[in-house]
Structure formats: structure tokens, C-alpha cells
Amino acid sequence: MDCFLLGAAALDVLAANRCSRRELALRQAQRLDRLLRELALGNTLYAAHLRGRGHGITSLQQLPVVTKAELMQRFDEWVTDPQLRLPDLQAFTADPTRIAEPFLGQYTVWESSGSSGTPGIFVQDRCAMAIYDALESIRRSPPCVSRRWLDPLYCSERMALVAATEGHFASIVSVRRLKHINPWAAQATHCLSILQPLNSLVQQLNAFAPTILSTYPTVATLLAEQQALGKLKLKLSEVWTGGETLSGAARERIAEVFQCAVRNHYGASEFFSIASECARGQMHANTDWLILEPVDENHQPVPPGHASATTLLTHLGNRVQPLVRYDLGDQITLVHSPCACGSPFPVIQVSGRNDPPLRLRGRQGVPVVIVPLALTTVLEEQAGLFAFQLRQQDDATLELAVPQKDAHAQASLRKACRALQRFFDMQGAARIRIHTRSGVELPRGTSGKAARVLSI
């Protein structure tokens with residue numbers, strides 16, 4: 001941590017909070033112009049596209065879209081510090097004992113899970129980390145203002161992070177880094193692996209007795225069921241979720257069971273703090289330090305109020321590993337109307353990753369295409385099912401698995417099958433066979449995230 005950079009970033013974030021929308025757009029445009037000028041002079045990957053072009057914000061759409069696979073293949077051209085060599089970074093991230101250790105004494109490094117098909121390694125310089133720290137500490141609006149006035153630094157809280165703890169993922173790297181910097185945090189923060197058996201996780205949470213639980217939405221709903229069954233006995237003041245889509249039904253269930261506020265956060269390996277919720281529960285994008293472009297399948301802009309096919313990210317604060325028009329792979333909707341909270345930052349609705357759709361047999365001989373998000377919504381809101389995996393076996397057969405194996409699980413499965421059949425019928429699908437399994441340990445990826453709907 002660079003205290004000087006953190007102080008400067010914090011003051012900048014505070015100042016931006018008081019900007020008008022016009023002033024915020026100007027700040028963003030100036031940072032983009034400065035970034036593009038620097039890349040035109042000192043970055044092999046982007047320089048060829050930038051030389052001879054204008055550098056105003058209107059020129060952004062003239063630049064090509066880049067993907068994680070392309071950037072990883074051209075890693076040496078991408079990074080601006082020649083000391084950063086991909087084989088060295090791969091060896092570094094392969095060693096779990098070096099999680100949160102500064103690479104070359106100055107860089108924070110984390111890896112992506114590869115859930116989109118290509119794992120990535122992302123290097124954050126001190127400036128980028130100062131920006132993330134400032135955004136995390138200032139922009140996350142607390143749900144209980146009076147509680148935070150009395151305890152602004154969370155000194156009375158005990159926080160449990162439930163995630164993948166063996167990989168160099170952003171969440172665990174950030175918490176381990178905080179524990180190294182802050183001796184108090186080392187005592188009051190505990191990291192627990194989601195990849196361990198559920199019973200063991202429940203026992204460790206009960207023993208630690210956190211007041212704040214930070215994890216993925218799917219894990220939070222799974223733990224909420226354990227709390228409802230009386231196996232988990234936590235008294236929480238807040239639940240922090242991120243890394244996956246948090247549906248309205250899942251939020252209500254988590255809040256109801258734990259009897260506390262649920263605070264959602266939108267971030268990625270590419271930019272740790274993309275957006276945070278305000279006091280009114282709206283997700284505001286940190287557009288003073290990034291640019292989000294909601295686009296269709298052809299990378300053309302989509303208007304406000306329409307869900308994008310994917311989103312392009314431009315990072316305005318990381319100079320060592322610049323990202324300009326990077327295909328993030330997430331679906332978002334830009335809300336045109338301003339938020340009642342008064343924030344100048346735009347409101348976005350995040351649908352999560354655009355996973356491959358299911359193609360099912362149709363009644364008229366034409367395949368019916370179903371997006372995974374629609375199926376998770378049906379199972380959550382109509383069947384009250386949150387911990388599950390729905391796997392497509394062929395164009396007329398699905399398998400629905402849940403971890404529970406009691407009578408309640410069987411009743412939930414029957415309800416879920418009826419809800420799915422109604423939904424498929426409305427979509428014009430032929431009769432779909434749904435096989436059910438209970439008492440199944442749901443697989444998770446290396447990052448701890450669960451793939452709840454799997455197409456062929």
C-alpha cells in the first residue's frame with residue numbers, strides 16, 4: 001500500500017462524488033485522452049491503432065475490441081513493464097504460498113477462474129490498487145448509517161470470507177493483502193474455503209461466529225438454508241455478495257433468514273470495483289475510473305433500458321496492463337433515469353455472464369433457445385430453489401440435482417419440475433424429460449463459483 005497514492009485517490013473519489021453528470025463526463029474524457037496518448041507512445045499492442053487518430057472520447061469506438069484470449073497470447077506486447085514475463089507470472093500464481101505477495105516487490109497479481117474459457121493473469125500497479133482501495137472504502141454505502149457512524153472502520157465486526165482460498169483470485173488476494181497491512185484485520189478476518197465439505201464449513205463458521213459474511217450469492221443462499229435448518233447459528237449484521245448475479249429472490253431469502261442487510265457488489269478480475277450499491281439498493285458504476293460500453297453481438301452500442309449481449313471495459317487507472325475496449329462478457333442494462341439517491345454515477349443492472357444458451361426441441365420442429373438466466377429465475381422465484389445444478393443431456397432431456405436429500409428436497413424437486421415444464425410449454429418446447437437427483441455434492445470451479453445451468 002502506498003499511503004500517498006491512497007490519500008490522493010481517496011480525495012479524488014470524494015471530489016467526484018460531488019460532481020455533476022457533466023463534470024463527471026469531463027473528468028472521464030480527460031482521463032481517457034491521457035490514457036490513449038500514453039498508449040500511443042509506449043504500448044506495442046495499442047500503439048498501431050492509436051497513431052494518427054484523434055484522442056477524444058468520441059474516438060473510442062474507432063478502436064478494436066480485445067478479448068482475454070488475444071491479450072494473453074500477446075502478453076509481452078500488452079504489458080508496459082518489460083520485467084513482467086508471462087512464464088514468471090504463471091509460476092508465481094501456481095504457488096499458493098505466495099498469495100498476496102507483491103510481485104517484483106511492487107505489483108499485486110491475481111488470476112481469473114477461466115469460467116469464460118480462458119484463464120487470465122491480471123497485474124495491478126500501485127495506482128490501480130490505491131483506486132480500488134479508495135472506491136471500496138468510500139463508495140460502498142452502508143445499509144445502517146448510524147451503525148457505521150459509531151464504527152466507521154468496522155472495528156467491532158468479525159468478517160468471514162467464504163471463497164476459493166487456494167488460488168490467486170482477486171477476493172482472497174485482497175483479503176490476504178489487507179491482513180498483511182492491518183494487524184487488526186488479521187485477527188478479525190477469517191478466510192474459509194468453499195471447496196471443503198459443507199458440514200465442515202458450517203462448523204468453522206459457527207466456531208468463528210462472524211458478524212459479516214462475504215461470499216458468492218450461490219454460497220450465501222446455500223448457507224441461508226443451513227441457517228434455516230438450525231445447523232448454522234450466525235448472528236450477522238451484514239451479508240456481502242459479489243462475483244455472481246444476485247437475483248431479487250435470492251436477496252430476499254438471504255435477508256429473511258439471516259435477518260440482516262444484504263449488500264451487493266459488482267467487480268471483476270479486470271477491474272476490482274466496477275460498481276457498488278447505494279443506500280437505495282441501486283448499482284452505480286464507478287465511471288470516473290472506467291468506461292462501460294453495453295453492446296450487442298456485433299459490438300454495436302445498445303440504448304439505455306436494453307440488455308447488452310456483452311460489455312466492453314476501458315480501465316482508466318491501470319497503466320502497467322492497460323485495458324481498452326476489453327470484452328468483459330457480462331450482460332448489463334444501463335438505466336437512463338437518475339437515481340433518487342442523488343449520485344451522479346449511472347445506474348446499471350447486472351445480469352451476469354452471457355453463458356451459452358440451451359437449445360431444446362420445439363413443438364414445431366424449430367429449436368427453442370433458452371438462456372440460463374431465465375431458468376435460474378424460474379427455479380428461484382417459482383420453486384424457491386437456490387442450490388441446484390441443471391444440466392442439459394440432449395435436446396429433450398435435463399437433469400436437476402440438489403445437495404439436500406430429505407423429504408423437503410423431494411418436494412422442492414417436484415415443485416421445480418412443474419415450474420420448468422410450465423415455462424418450457426410457454427416457450428414452445430416439446431415435452432422435456434427432467435431427471436432429478438438429491439444428495440448430490442454440487443461441483444464448483446477452481447474459483448469456488450458454481451455453474452448452475454449447463455448446456456451441451
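The values are calculated or read from the model by the stated rules, or taken from the named source; none is laboratory data. Note that the structure is predicted; figures quoted are calculated from it, not measured. When we count neighbours, we look across all protein chains shown, and the Cβ atoms used for this are built from the backbone with ideal geometry, even at glycine. When the accessible area is computed, the model is the full protein with side chains, heavy atoms only, and any ligands, DNA or RNA have been set aside. Shrake-Rupley method; radii C 1.70, N 1.55, O 1.52, S 1.80 Å.
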Problem set entry | Residue list for the stretch 229-263, restricted to those being under 18 Å from residue 207 (Cα atoms) and open to solvent by 20 Å² or more (accessible area, probe 1.4 Å) | 229, 230, 231, 233, 235, 237
Problem set entry | Matching residues in the stretch 1-27 - criterion: being under 19 Å from residue 343 (Cβ atoms) and outside any helix (DSSP H, G or I) | 18, 19, 20
Problem set entry | Boolean, residue 387 is under 26 Å from residue 226 (Cβ atoms), touching a helix residue (DSSP H, G or I) at 6+ places or on another chain (Cβ under 8 Å) and in contact (Cβ under 8 Å) with a residue 12 or more places away in the chain | yes
Exercise. Can residue 30 be described as part of a helix (DSSP H, G or I), without any contact (Cβ under 8 Å) to a residue 40 or more places away in the chain, closer than 21 Å to residue 173 by Cβ and among the polar types (S, T, N, Q)?
Worked result: no
Seminar exercise, completed: Scanning the stretch 186-228 for residues that are touching a Gly at 6+ places or on another chain (Cβ under 7 Å) and surrounded by 21 or more Cβ atoms within 10 Å (Cβ to Cβ) gives 194, 216
Exercise. Given the stretch 375-456, what strands (runs of 3 or more DSSP E) lie entirely inside it while holding 1 or more residues that are crowded, with 16+ Cβ neighbours inside 10 Å and among the acidic types (Asp, Glu)?
Worked result: 397-401
For this session: Scan the stretch 347-370 and give yes if some residue there is closer than 30 Å to residue 123 by Cα, in contact with a Cys (Cβ under 8 Å, 6 or more places away or on another chain) and touching a residue at least 40 places away in the same chain (Cβ under 8 Å), otherwise no.
Result: yes
For this session: Could you check how many residues of the stretch 93-102 are open to solvent by less than 40 Å² (accessible area, probe 1.4 Å) and either among the hydroxyl-bearing types (Ser, Thr, Tyr) or modelled with pLDDT of 95 or more (or both)?
Result: 1
